[in-house]
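Reviewing the structure listed below.
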Amino acid sequence: MDKNRTRKNRVSFRLDDAEMQQLQQNMSKTGKTNREAYLRKMALDGNITTIDTKPTQELVRLVANIASNINQVARRCNETGTAYEQDVLALQAEIDLLKPLIVEDHRNSVKMRG
C-alpha cells in the first residue's frame, strides 16, 4: 500500500448491471465524475447537494460590467475633472437592475440551505 495515502481502509462491494447503471445515472445528476469521491460522500453523508450556479454566474457577469463602466466613468472624471450626469444615471440604472437579481439569488440560496 502507498505510504502517502491518507485513506488506508478499503471498502469494496459488487453491483449487477442494473445497479451499476443506476449508480452512473445518479452520479451524472450530481455532476460528479470521480466515482470514489461520489461513493465516499454518499456513504458518509447520505446525500450530495448540487447547486445550480448559473444565476450567480450571471450576477457576477453583471457586476463585472458595472465595475468596468465605473472605471470608465472614473477615468473620464480624472481626465476632464467633471462627472457627467448621463454617466452617473446610466450606472444607477444598471445597479437598480441588479438589486432585485441579488435579492432573488439570496432567497434561492437560503432555500437550499434551509
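The values are calculated or read from the model by the stated rules, or taken from the named source; none is laboratory data. It should be emphasised that the depicted structure is a prediction, and the values quoted were computed from it without experimental measurement. In this analysis, Cβ positions are derived from the backbone assuming ideal geometry, glycine residues included, and neighbour counts consider all displayed protein chains.
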_Looking only at the range 32-42, and only at residues there that are assigned to a helix (DSSP H, G or I) and of a type in the set (D, E, K, R), the one that is modelled with the lowest pLDDT_ = 41
_For the range 59-81, check the following and say yes or no: at least one residue is within 26 Å of the chain's Cα centre (by Cα) and either in the same structural domain as residue 32 (by TED's automatic domain parsing) or closer than 30 Å to residue 38 by Cα (or both)._
yes
_Failed item in (1) modelled with pLDDT under 90; (2) touching a helix residue (DSSP H, G or I) at 6+ places or on another chain (Cβ under 8 Å), with residue 45 passing the rest_ = (2)
*asked:* Given the criteria touching a helix residue (DSSP H, G or I) at 6+ places or on another chain (Cβ under 8 Å) and in a helix (DSSP H, G or I), does residue 51 qualify?
replied: no
*Is there a residue in the range 63-79 that is farther than 30 Å from residue 100 by Cβ, in contact with a helix residue (DSSP H, G or I) (Cβ under 9 Å, 6 or more places away or on another chain) and in contact (Cβ under 8 Å) with a residue 24 or more places away in the chain?*
no
_Given the options 78, 26, name the one that is among the polar types (S, T, N, Q) and exposed (fewer than 12 other Cβ atoms within 10 Å of the Cβ)._
78
*asked:* Based on this model, can you work out whether residue 57 counts as out of contact with any Ser or Thr (no Cβ under 8 Å at 6 or more places or on another chain), part of a helix (DSSP H, G or I) and under 18 Å from residue 108 (Cα atoms)?
replied: yes
*Lone qualifier among 47, 108, 69, 65 - being within 30 Å of residue 19 (Cα to Cα) and not hydrophobic (A, V, I, L, M, F, W, C)*: 47
